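The values are calculated or read from the model by the stated rules, or taken from the named source; none is laboratory data. Predicted model only: the values in this text are computed from it and were never measured. Every residue, glycine among them, receives a Cβ derived from its backbone with ideal geometry; neighbour counts consider all protein chains shown.
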Amino acid sequence: MTWIDISQPLSASIAHWPGDTPFSYRLVATKETTGSVNVGSIQMSAHTGTHVDAPFHFDDNGDRIDELPLSTYIGDAYVIEAIGVKEISQSLLEGIVPKNTKRLLVKTKTQTNEHIFPDTLPAVTPEAAAYLQTMGVILLGVDVPSVDEPTSKELAGHHALAKSGIAILENIQLAHVTSGYYELIALPLRLVGADGSPVRAVLRPIQSKE
């Protein structure tokens with residue numbers, strides 16, 4: 001099966017958190033000047049585009065990105081469709097998350113425009129996080145920039161997911177993906193002491209595990 005790219009393309013036009021560091025790439029040396037190679041430089045927030053949050057992002061005592069187990073970000077996943085929902089709640093998830101789901105990806109929209117930062121988004125409720133823990137989920141992926149509203153200071157969704165032992169993958173692209181079982185690879189970079197990391201997230205369809 002062909003791998004499906006679910007990561008946002010990084011370019012100068014990609015939306016970033018208001019007030020955060022925008023993405024930029026530039027050549028700092030060219031083959032003409034070096035005589036051998038082109039060399040580029042990248043500047044960006046760790047939370048631009050498709051990325052993983054480390055607990056340290058919202059908890060000074062939380063694990064940093066290089067301390068998280070890689071096994072969390074590789075393995076079987078299940079995609080559910082929840083188009084247009086206002087929040088990701090327990091009542092939404094009940095009955096549609098299969099047993100033995102380890103990694104859950106939630107599709108909330110049919111079109112993605114990575115050049116526009118949303119004013120609102122479907123936040124994850126603490127009850128939903130607790131429910132996913134009872135289901136054995138270890139990673140939640142969403143197709144929006146955050147598991148909390150952009151203006152939230154309490155970050156209830158982030159804290160509840162961390163308390164439930166569930167890793168956070170944000171800003172994946174699922175508009176071209178149907179619900180079902182997949183193999184997921186979404187490895188964060190080994191950024192020592194970092195609060196998050198961009199990832200190249202990909203899926204490959206697999207047969208039903210039921």
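Structure summary
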read-out	value
Index of the failed condition, Thr72 passing every other in (1) polar (S, T, N, Q); (2) surrounded by fewer than 19 Cβ atoms within 10 Å (Cβ to Cβ); (3) under 20 Å from the mean Cα position of the chain (by Cα)	(2)
Hits in the stretch 27-64 - residues which are among the hydrophobic types (A, V, I, L, M, F, W, C) and under 15 Å from Leu191 (Cα atoms)	Ile42, Met44, Ala46, Val52, Ala54, Phe56
Index of the failed condition, Val37 passing every other in (1) within 17 Å of the chain's Cα centre (by Cα); (2) of a type in the set (A, V, I, L, M, F, W, C); (3) not in a strand (DSSP E or B)	(1)
Given (1) within 30 Å of Thr2 (Cα to Cα); (2) out of contact with any strand residue (DSSP E or B) (no Cβ under 6 Å at 6 or more places or on another chain); (3) surrounded by fewer than 22 Cβ atoms within 10 Å (Cβ to Cβ), number of the condition Ala194 does not satisfy	(1)
Qualifying positions in the stretch 43-82 - of a type in the set (A, V, I, L, M, F, W, C) and part of a loop (DSSP other than H, G, I, E, B)	Met44, Ala46, Ala54, Phe58, Leu68, Ala82
Residue in the stretch 1-45 that is surrounded by the fewest Cβ atoms within 10 Å (Cβ to Cβ), counting only those that are touching a residue at least 60 places away in the same chain (Cβ under 8 Å) and among the aromatic types (Phe, Trp, Tyr)	Trp3
Selection from the stretch 140-188 of residues that are polar (S, T, N, Q), surrounded by 17 or more Cβ atoms within 10 Å (Cβ to Cβ) and in contact with a strand residue (DSSP E or B) (Cβ under 7 Å, 6 or more places away or on another chain)	Ser146, Asn171
Pick from the stretch 201-210, criterion surrounded by 15 or more Cβ atoms within 10 Å (Cβ to Cβ) and not β-branched (Val, Ile, Thr), ranking: nearest to Ala123 (Cα to Cα)	Ala201
Qualifying residue in the stretch 118-139 (condition: closer than 30 Å to Ser24 by Cβ and polar (S, T, N, Q))	yes
Those strands (runs of 3 or more DSSP E) lying entirely in the stretch 101-210 with at least 3 residues in contact (Cβ under 8 Å) with a residue 24 or more places away in the chain, over 17 Å from Gly75 (Cα atoms) and within 16 Å of the chain's Cα centre (by Cα)	196-198
Which numbered condition Gln133 misses (of (1) under 24 Å from Pro150 (Cβ atoms); (2) modelled with pLDDT of 95 or more; (3) among the polar types (S, T, N, Q))	(1)
Residue satisfying all of: in the stretch 156-210; acidic (Asp, Glu) and at pLDDT 95 or above; farthest from Thr48 (Cα to Cα) among these	Glu183
Filter result for Pro55 (within 27 Å of Phe117 (Cα to Cα) and touching an Asp or Glu at 6+ places or on another chain (Cβ under 8 Å))	yes
Residues of the stretch 83-93 that turn out to be in a loop (DSSP other than H, G, I, E, B) and surrounded by 13 or more Cβ atoms within 10 Å (Cβ to Cβ), as a count	2
